[in-house]
Structures are given as structure tokens and as C-alpha cells.
1. Over all directions, the average projected area of the alpha-carbon convex hull for region 52-129 comes to how many nm²?
2. How would you rank Ile276, Ile100, Ile282, going from fewest to most other Cβ atoms within 10 Å of each one's own Cβ?
3. Calculate the FRET efficiency for Thr280 and Met214 from the Cβ-Cβ distance with a Förster distance of 25 Å, rounded to the nearest 0.05.
4. Any idea what the relative contact order of the chain is, in percent, if you count C-alpha pairs under 8 Å spaced at least 6 apart?
5. Under 5 Å between amide H atoms, partner at least 5 residues away or on a different chain: which partners does Gly262 have, H built in plane at 1.01 Å?
6. Pick out, in residue order, every one of the GluC sites (Glu not before Pro) in region 78-173 that is DSSP loop and has at most 11 other C-beta atoms within 10 Å; say none if there are none.
7. Any chance you could check the Cα centroid distance between region 119-184 and region 23-53 for me, in angstrom?
8. Given an 8 Å cut-off on Cα distances and at least 6 residues of separation, report the relative contact order of region 165-289 as a percent.
Amino acid sequence: MVRAPATSANLGPGFDAFGLALALYDQVEAGVTGGGLAVEVHGEGEDTAGVGERHLVVTAMRAAFARLGGQPPGLALCCTNAIPHGRGLGSSAAAVVSGILAARALVPDGADRLPDAEVLRLAVDLEGHPDNVAACLAGGLTVAWRPGADEGAARLLRLDVLGSITAVACVAPTAMATHEARAALPASVPHADAAANAARSALLLAALTRDPAMLFDATEDYLHQRYRAAAMPPTADLLARLRRAGVAAVMSGAGPSVLALGLADAQPGLTVVDSIARETGIAWRISPLDVDRQGATLQTAVPGVRP
């Protein structure tokens, strides 16, 4: 069984680079059968059970098996999902990572034939961007990049987040596709905004790993949130309300959920998130979450056959 954490990408200024793993998990149990494909889904995304080969976990498993030498005669998998779909909390990254790691575990020498660096490469190929998959794989705080701008295989750096930092996710009641949120972004931004964003990104790394007193200033974004606001007014409204109250809040990934970061015992800090969210009249689901520090893990050894 593979357990994969939720993730929040960007964290404000770390656009397409930063990711944070959160202690909310999807689990995938998979096995090789004599033929056919059987998919069960429990929890979030139950309606995806009937899509067969188009299920994202299956797609990822097929891609991994292809890299490992071929397809097994049949597959059976059971997905137990807690990560909301289409809310900016990395559900697709968790599905991709789970599928790849499950397939690798089903091949006796899979870890040798598909090492971690190749897992990251394949996951990014399937997901499209490295920020969420990096955090899902490694846990903690990750910085992902490609050498030479968009050329070359993605790489990641994992950093330990201070143990005192916690998060509150304000999960939006309705989903929004990432490609819709990305379509709202301009082709270019002013040089001054890019410079200010670079400073905030550097500050955010320090705030999460050394000095959380800097979190509010460090989570100010100049590259994407303001441009996406018109596409998701409730998200923009909640984000503005939280920041006016001094909460280090950001759009989670491409939205529409919001993530608040801070210290559990700070005042007013994260204790005001629930009341501020209720003032909006929107049915936000408020979920306090710890930082996941392990990343995706194989929970149970799965006996395998070579596909």
C-alpha cells in the first residue's frame, strides 16, 4: 500500500517552484491479477472508479510499468482518498506518485530499475509541473526546478520546516481546474513585481526554516494571485480578509482553496481562521493540518511479479 500526502504549491511567491507536504493522505492498494482491470475508489473522487484505464492512478501505473519493462496480465487497485479533488491541494500529484510507486513495488527489482530520480522525472512528465510532485515525493518543504529554464529533468531540494509551524486549509466547496486558473495569468509581469517576488521567495524559505516571524511578509505574492482573483472571487475575498487580520494566508496552488500558515500558539494567528471564513457566508471546510515530513511511503510490502 502506498500513502501519499496532500501538497500546497506556490505558497504565495514561490510560483511553480515551492511545495509543502501536508498531513492529509490518499492511500492506494494495488496488486497484479491474472487479467483485466478492477478499480475501487472510496472517499474523495468516488465517481472516478468507473473510468477504467483513464483513472489517473492507473495511467501512472501503466507509465511506470512501461519504464520497467512491460505490462502485467491484470491489475486490481483500491484507492482510499482524503485529498479533495480540484481544490489546489495536490490530488493529481498524489495519484500520479501513488501509481508510480505502487507499480515499482510490484516489480521485484523495481527500485533498482526505476530509482528515485527517475520516479521524479516520470511524475513530472505525467503531472506537467514539478512543484506538487516534488513535495509529495519528498515531504516537508521542497524547491523544484529544471536546469536551464524549461530544459532538462526536474530536480528538487528538500528542506526541513520548523516543527512549530502548522497550517490551516480552507477547502473551497467547489472545484476549479488548474488549467482554468493558469489561463488567467498574463504573458509578462512588470520587472519591479518580479524583483519584489524574488525577495519574498527568498524570505519565505527563511521564514519556514528559521524565523517564522517573517511569514506574513514572506507570503506576499506579486506573480499570480492577483491575476487569478477575478476567476475565483470567494477565494480572493477570503484571502484578503485573512491577510487584513494579519494571517499569513496564500492561495493553495492554483486555488480555489486557501492555506494559512503560522504558529499554533500565536495570537491572533491561526485561531481566527475559522471565524473569518464563516463571516464570508461561503461553506469553506476548515482543516487544521500538520506538515508531512515523510512524503509518499510504501506502507506494506506488496508481493510482485515481473510484468
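1. Answer in nm², one decimal: 5.3.
2. Arranged by neighbour count, lowest to highest, Ile276, Ile100, Ile282 become Ile282, Ile276, Ile100.
3. 0.35
4. 27 percent
5. Under 5 Å from the amide H of Gly262: Thr166.
6. Those satisfying the criteria are Glu151.
7. Cα centroid of region 119-184 versus Cα centroid of region 23-53: 23 Å apart.
8. 41 percent
Values in this text are rule-based calculations from the coordinates and carry no lab data. Since this is a predicted model, take the numbers as computed values, not measurements. Note: ideal-geometry Cβ built from the backbone for every residue, glycine included; neighbour counts use all protein chains shown.
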